[in-house]
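Worksheet: one structure, shown below.
The values are calculated or read from the model by the stated rules, or taken from the named source; none is laboratory data. Keep in mind that this is a model prediction, so the values were computed, not measured. Cβ placement follows ideal geometry from the backbone for every residue including glycine, while neighbour counts extend to all protein chains displayed.
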Amino acid sequence: MTAKRAILLGGLTVGALDILDAIVFWAFRGVGPQRILQSVAAGLLGRDAAVAGGWPTALLGLGLHFVIATGVVATYYLVSRGLPLLVRYPVICGLLYGIVVFYMMQLVVLPLSATSGKAGLPTGAPLINGLLIHALGVGLPAALFTARGRTGRWLGTG
């Protein structure tokens, strides 16, 4: 598998797993898919503009989500070129990478976005769900697709 293919397929996989998790998790709390997707667009447009935009901004949020997911995979892939450990042990490194991505999103990206959010972590079930989906649905697939792209094997070289 080429690097480009690994990154694109990894981005699609990560994006799909992460957004499906968010839609299902928040559906049990009364939040619909449109609002979930608009919350992604709010990072670019601000909360009020994202909500006022209806489905067009929800679709923008969906597109942005997949761009971000692909960027997460591309970052792992690029860093793995200098740190072969990431390919040698993709399961443990991927799980840890997902947790790092979660904290970076919560403590750096979201506070700097147009959502007007403050740095901080969710609590309770949203925290647990966030950590689990980022470890299992973001970091692990990013590492596995990277290993496949770099070595031709899903579990790397270790």
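Going through 146, 151 one at a time, which residue ends up being within 16 Å of the chain's Cα centre (by Cα), more than 21 Å from residue 31 (Cα to Cα) and either modelled with pLDDT under 95 or hydroxyl-bearing (Ser, Thr, Tyr) (or both)?
None of the other options fit; the residue is 146.
Identify all residues within region 41-90 that are within 15 Å of residue 14 (Cα to Cα), in contact with a Gly (Cβ under 6 Å, 6 or more places away or on another chain) and of a type in the set (A, V, I, L, M); write none if there are none.
69, 73
Which count do you get for residues in region 86-109 that are surrounded by fewer than 22 Cβ atoms within 10 Å (Cβ to Cβ), under 17 Å from residue 43 (Cα atoms) and aliphatic (A, V, I, L, M)?
In the first step, residues of region 86-109 are kept if they are surrounded by fewer than 22 Cβ atoms within 10 Å (Cβ to Cβ); the result is 88-89, 91-92, 95-96, 99-100, 102-109.
Now narrow it down to the ones that are under 17 Å from residue 43 (Cα atoms): 102-109.
Still in the running and aliphatic (A, V, I, L, M): 104-105, 107-109.
Here the count works out to 5.
Would you check which residues across region 110-131 are part of a helix (DSSP H, G or I), loosely packed, with under 15 Cβ neighbours inside 10 Å and among the hydrophobic types (A, V, I, L, M, F, W, C) and list them?
112, 125, 127, 128
Here is a list: 75, 57, 70. Which entry is over 29 Å from residue 3 (Cβ atoms), of a type in the set (S, T, N, Q) and surrounded by 14 or more Cβ atoms within 10 Å (Cβ to Cβ)?
Just one listed residue meets the conditions, 57.
Which residues, taken from region 70-104, are within 9 Å of the chain's Cα centre (by Cα), among the aliphatic types (A, V, I, L, M) and closer than 21 Å to residue 128 by Cβ?
Within region 70-104, 72, 101 qualify.
Among the numbered criteria (1) surrounded by fewer than 19 Cβ atoms within 10 Å (Cβ to Cβ); (2) within 26 Å of residue 124 (Cβ to Cβ), which one does residue 37 miss?
Single failed check for residue 37: (1).
Consider region 32-83. How many of its residues are in contact (Cβ under 8 Å) with a residue 24 or more places away in the chain, assigned to a loop (DSSP other than H, G, I, E, B) and in contact with a helix residue (DSSP H, G or I) (Cβ under 9 Å, 6 or more places away or on another chain)?
Adding up the residues that qualify gives 0.
Of the conditions (1) surrounded by fewer than 16 Cβ atoms within 10 Å (Cβ to Cβ); (2) in contact (Cβ under 8 Å) with a residue 24 or more places away in the chain; (3) of a type outside the set (Phe, Trp, Tyr); (4) out of contact with any helix residue (DSSP H, G or I) (no Cβ under 7 Å at 6 or more places or on another chain), residue 155 satisfies every one except a single condition; which number is it?
Tallying (1) surrounded by fewer than 16 Cβ atoms within 10 Å (Cβ to Cβ); (2) in contact (Cβ under 8 Å) with a residue 24 or more places away in the chain; (3) of a type outside the set (Phe, Trp, Tyr); (4) out of contact with any helix residue (DSSP H, G or I) (no Cβ under 7 Å at 6 or more places or on another chain), residue 155 fails exactly one: (4).
Only one of (1) free of Cβ contacts under 8 Å to residues at least 60 places away in the same chain; (2) not in a helix (DSSP H, G or I) is not met by residue 4, so which one is it?
Unmet condition: (2).
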